[in-house]
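The values are calculated or read from the model by the stated rules, or taken from the named source; none is laboratory data. Keep in mind the model is a prediction, meaning the values are calculated, not measured. We work out accessible area using only protein heavy atoms, side chains counted, and drop any ligands, DNA or RNA first. Shrake-Rupley method; radii C 1.70, N 1.55, O 1.52, S 1.80 Å.
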Amino acid sequence: MQPRVTTSTLIKMKQEGQKITALTAYDYPFAGMLDQAGIEMILVGDSLGMVVQGKENTLPVTMDEMIYHTAMVSRACDFSMVVGDMPFMSYQGSLDTAIENGGRFLKEAGASAVKLEGGAAVCPVISALAKAGIPVQAHIGLTPQSVHQMGGFKVQRDEERLLKDARDVQAAGAFSVVLEGIPSPISAKITKELQIPTIGIGAGAECDGQILVLHDMLGINNRFLPKFVKKYADLAGVAKKGLEQYIKEVKGGEFPSKEYEYK
Ligand code: KIV
């Protein structure tokens, strides 16, 4: 069995020019598939609010929900590093509350790091968590928890601000940074400048690694997909076929046939 991926593994991968693979997962069976496939980092994203709970955005997701899902994912993983996403308003208040909430991901849910959204403005939180022994992945660019402030899910193009955010989160102690919805030339500059690995989503090929929302890339939900999502499978289509066949066979009396009966 390969040793579990850690923050040091990811930093070493950047130094050696090896690309990092990351995906989201929210439950035991899918996390197990990702772990066995060799995905290095699994993010239990607050995107679960949209792709699992069917909500319009990620804002209503609670700490307890995140802990519940992260614990399921952690139980399935021997290889992948599990990162828990800190939900809206779990770290924006006092530093004490942020540390308490960040700590829950490690103590109760088996994660080995947390992710939080924001650049320069959240650096005091990143520092406080890192000092408390909680590894932090930052997330800059299009930050979905700020959807109302950004006026929608919009590509972020302010190069100066993005570069400053990236430098600041690294200086504050983040071990990695997610770059979301950023034009490729800007992500390339950030990736070249930082020592910590950049994980891109809608941020081009130059990032040190890539992440996608699992339910989008496997075609589990038939929701609108942004331009940067490549659909690698059509699981909704496969499920629909199976379900239609089941309905047909039950209604037609074909299922259960003799082989599925107890004698
Ligand atoms: O919540 C999430 O899934 C995320 C990823 C899209 C990076 O933040």
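If you line up the long axis of helix 63-75 against the longest principal axis of the chain, both from Cα atoms, how many degrees apart are they, to the nearest 10? Its long axis makes an angle of about 70 degrees. Max-minus-min Cα coordinates of the chain on each principal axis give 68, 38, 37 Å, with the largest extent listed first. Axis of helix 95-107 versus longest Cα principal axis of the chain: the two differ by about 40°, to the nearest ten degrees. Cross-link reach is defined here as a Cα-Cα straight distance under 15 Å, omitting same-chain residues fewer than 8 places apart; for Lys241 the aspartates and glutamates meeting it are Glu249. Taking every DSSP bridge with both residues inside the chain, close to 5 percent are antiparallel.
Counting helices only, and only those DSSP H runs with n ≥ 4, report the 222 nm mean residue ellipticity of the chain as the sum of -39,500 (n - 2.57) divided by its residues, in deg cm²/dmol to the nearest 500. Can you show the working numbers first?
Values: 11 runs with 107 residues, N = 263.
Helix contribution divided over all residues of the chain: -12000 deg cm²/dmol.
Measuring between alpha carbons in the structure, the pairs from Lys154/Lys227; Lys154/Lys231; Lys19/Lys230; Lys55/Lys231; Lys107/Lys230 lying more than 23 angstrom apart are Lys107/Lys230. When you restrict to C-alpha pairs under 8 Å that are six or more residues apart and normalise by the size of the stretch 7-232, the relative contact order lands at 18 percent.
For Lys12, a cut-off of 23 angstrom between C-alpha atoms picks up these lysines, skipping any fewer than 8 places away in its own chain: Lys115, Lys131, Lys189, Lys192. What angle, in degrees between 0 and 90 and rounded to the nearest 10, separates the Cα long axis of helix 159-172 from the longest principal axis of the Cα atoms of the chain? Its long axis makes an angle of about 90 degrees.
To the nearest 10, the accessible area of Lys55 is 80 Å² with a 1.4 Å probe.
Oblate is the label for the stretch 114-195. Its Cα gyration tensor axes, ordered a ≥ b ≥ c, give a/c of at least 1.5 and b/c at or above a/b.
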